[in-house]
Amino acid sequence: MAKTRTTKSSRPPSAKSLFSKFKGKRAILTFHSLADIDAAASAIALQRFIGKSAIIAAPDRPTAAARKLFDFAKVPYTLFSDIQATETDAIILLDSSSPHLLSHLAGKQIDLMIDHHARYGNEVTAKQTLNDPSASSTCEMLYFLLKPTDTLSCTVLLLGIISDSGNFKYATARTFEATSALLANSDLAFSQVLALANIPESFSERIEALRSCKSVTAEKIGEYLIATAAAKSHEAHFADALITLGADLAFVGCAGEDGRISARMRESLRGKVKLDKLMFEIGKILEGSGSGHELAAGASGKKDNLTVALGICVNLAEQQILSAESCKIKEIIW
């Protein structure tokens with residue numbers, strides 16, 4: 001296996017030195033299954049930086065929000081299964097290192113991976129990795145790496161940051177530094193950017209949220225409410241809705257072709273519950289993988305263990321809350 005090298009993005013290599021090694025090669029830009037805005041925007045901006053030798057290859061159909069972004073940018077993408085990747089190509093992976101979300105890369109050598117998700121083990125490997133869990137998004141990382149000035153790159157990166165930071169709920173000082181510079185070069189007012197970032201709830205999202213309400217159960221842990229539910233689809237949307245309705249922590253399971261759990265958490269539990277770590281462990285229960293951020297995370301794998309996994313979500317969260325609140329539990333048993 002090729003030796004891998006991980007670079008902390010606080011002092012990343014220059015873009016010129018990083019991408020010069022791919023000169024003369026076709027660069028295949030890819031990302032995780034069901035690409036979101038951060039993944040799509042990262043690919044669009046990086047393709048514009050690299051040039052005509054770069055193509056965007058999605059593992060499957062991107063989300064509606066990501067497709068809207070591709071349409072807005074007038075940038076085409078192809079399916080990874082429709083290209084003939086060869087050893088002379090350079091594969092650049094964006095916005096994920098989770099094996100369960102990257103089945104299209106099984107057996108493939110990844111040349112470069114750029115990702116902002118925390119790493120706990122069992123991630124896919126690359127010849128070189130840029131990883132910065134402190135970044136709100138991969139788009140934020142790419143701003144500091146590429147320092148783009150063209151209007152389209154700045155606009156799509158800005159949209160990716162807004163989306164993946166939860167409208168700046170997960171922002172840092174560097175997020176606002178990147179946002180300020182990108183906005184200045186986007187030729188748009190911030191209100192116009194927000195209008196582009198706004199993705200109205202679809203009818204299917206609204207109807208599924210209403211249907212899923214009957215499955216909700218809630219448990220009081222100290223002064224916090226933990227809600228669990230089952231949805232037939234749009235589990236991430238319903239998890240967000242449960243937080244809006246009053247839950248401090250929400251876990252929503254969905255048994256489709258595979259088993260998925262989306263988790264959302266209020267700011268009041270930051271530091272008390274390590275949600276990204278929790279969902280990484282849940283990924284093991286599902287015999288798949290899990291990852292995410294401090295306040296939003298998820299796991300996917302086999303659906304057979306979904307009900308058990310939802311129960312374990314609550315148990316692990318309870319352990320962490322009690323440990324932080326009253327020191328009743330000295331050690332978290334993952």
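What follows draws every value from the coordinates through simple rules; no lab data is involved. Model, not experiment: these values are computed from the prediction. FYI the Cβ positions are ideal-geometry reconstructions off the backbone, even for glycines, and counts take in every protein chain you see.
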Nonlocal amide H pairs with Met113, under 5 Å, H built at 1.01 Å: Leu93, Gln128, Thr129, Leu130
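In the range 190-278, which trypsin sites (Lys or Arg not before Pro) fall in coil by DSSP and have 15 or fewer other Cβ atoms within 10 Å?
Numbers: sites: Arg206, Arg211, Lys214, Lys220, Lys232, Arg260, Arg264, Arg266, Arg270, Lys272, Lys274, Lys277; in loops: Lys232, Arg266, Arg270, Lys272, Lys274.
Answer by residue number: Lys232, Arg270.
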Residues Val193, Val156 arranged by fewest to most Cβ contacts within 10 Å: Val193, Val156
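Which loop-located GluC sites (Glu not before Pro) does the range 60-163 contain, where loop means any DSSP state but H, G, I, E or B and the Cβ has at most 16 other Cβ atoms within 10 Å?
Values: sites: Glu87, Glu123, Glu140; in loops: Glu87, Glu123.
Passing both the DSSP loop test and the Cβ count: Glu87.
Need one word for the range 203-326: rounded, prolate or oblate. Basis is the Cα gyration tensor (sqrt eigenvalues a ≥ b ≥ c); a/c below 1.5 gives rounded, then a/b vs b/c decides. List each step's numbers first, then the result.
On the way: a/c = 1.79, a/b = 1.21, b/c = 1.48.
Oblate is the answer for the range 203-326, as a/c is 1.5 or above yet b/c matches or exceeds a/b.
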At least 27 Å along the helix axis (C-alpha) and Kyte average at least 0.0, DSSP helices within the chain: 306-326
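Mind running the shape call on the range 231-278? Use the C-alpha gyration tensor, a ≥ b ≥ c as the square roots of the eigenvalues: rounded below 1.5 for a/c, prolate if a/b tops b/c, oblate otherwise. Walk me through the numbers before you get to the answer.
Values: a/c = 3.83, a/b = 1.56, b/c = 2.46.
Oblate shape, in that a/c is at least 1.5 and b/c is the bigger or equal ratio.
Could you tell me whether the range 57-135 comes out rounded, prolate or oblate from its Cα gyration tensor? Rule is a ≥ b ≥ c as square roots of the eigenvalues, rounded for a/c under 1.5, then prolate if a/b exceeds b/c, otherwise oblate.
Verdict is oblate for the range 57-135.
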Loop GluC sites (Glu not before Pro), the range 180-239, which have at most 16 other Cβ atoms in a 10 Å radius of their Cβ (DSSP): Glu201, Glu223
